Amino acid sequence: CCGRDGEAMNKRLQKLKEIAMKDFGWKLLSLVIAIALWFIVLNIQNPVETRNFSTDLTMNNLQLLEENGLVITNREELENTKISVRVRAQRLTLDRIYQNRDDIEAYIDFGTLQLEEIVGKETSVAVQIRLPAGSSNSEIELRSPSNVTVLVEYAGSKEVPVEVTTAGEETPQSAYAQPEMTPSAVIVTGPESKITQVVAAKGTITADPLTDDTTYTVTL
């Protein structure tokens, strides 16, 4: 019984082998053509393209500056810098990046810099780009600007008096008594080179004609 079953099994395997090997060259060619057609269709339906994106520049590891008593002199300029990014990828990947474009990061990293070497001078720092998840097969063709200039110096502080002036369209300034300020002095902090130029913290009250004592909160 077992012998007959084994012989039948061998015959079936031999038959399958013959079927598989019959016209093997043509079958292999068909497979190659099918794969080639698949790639052609894929490239037609999902071609490689480029697309431009824009994002704000951010700064990483700012705490390292504070820990070393440093400040960025041109911080406001850097925070207002827009970075343009050109990405090359297949259309579907670009669509995913567009859907998650708020996750695109353009940044400079103070953790990669030797802080003691950049104090007091203009330093060109490379802009790094991080794309959203799902964009591993994409290529960043262009970032503009690719570098930004960073000005870092030691922080300073200084106590200066508060000066408040009054102004009104209908009542001349002379109609007001000298305002009483609380506090009468404030501490100003910032880059040393700018702190030395500060002589006072000033504010202006613009008000309608006054008939009673009035308290204002003034931006200095």
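Just a few scattered comments:
- Computed over neighbours whose Cβ is under 12 Å from that of Gly190, the net charge equals 0, Lys and Arg +1, Asp and Glu -1.
- Helical content alone sets the calculated 222 nm signal of the chain at -9000 deg cm²/dmol, taking -39,500 (n - 2.57) per DSSP H segment of four or more residues and averaging over every residue.
- Rounded tilt (10° steps) of 24-45 against the dominant C-alpha axis of the chain: 20 degrees
- Whole-number Å³ per residue for the convex hull built on Cα positions in the range 67-197: 202 Å³
- Fraction of beta bridges assigned by DSSP in the chain that are antiparallel (%, nearest 5): 75 percent
- Environment charge of Ala89, counting only residues whose C-beta is closer than 14 Å and scoring Lys/Arg +1, Asp/Glu -1: +2
- The range 1-124 - share of DSSP beta bridges that are antiparallel (%, nearest 5): 70 percent
- Per residue, the convex hull spanned by the Cα atoms of the chain measures out at 318 cubic angstrom.
- Cα-based values for the range 2-113, radius of gyration first and Dmax second, are 30.2, 92 Å.
- Proximal charge balance of Val160 [Cβ under 13 Å; K/R count +1, D/E count -1]: +1
- Sequence-distant contacts, meaning Cα pairs under 8 Å at least 6 residues apart, place the relative contact order of the chain at 18 percent.
- Between helix 2-21 and the chain: long-axis angle, C-alpha atoms, 0 to 90°, nearest 10: 70 degrees
Coordinate-derived values only; no laboratory data. Values in this document were obtained by computation on a predicted structure and should not be read as measured data. Backbone-built Cβ (ideal geometry, glycine too); neighbour counts: all protein chains shown.
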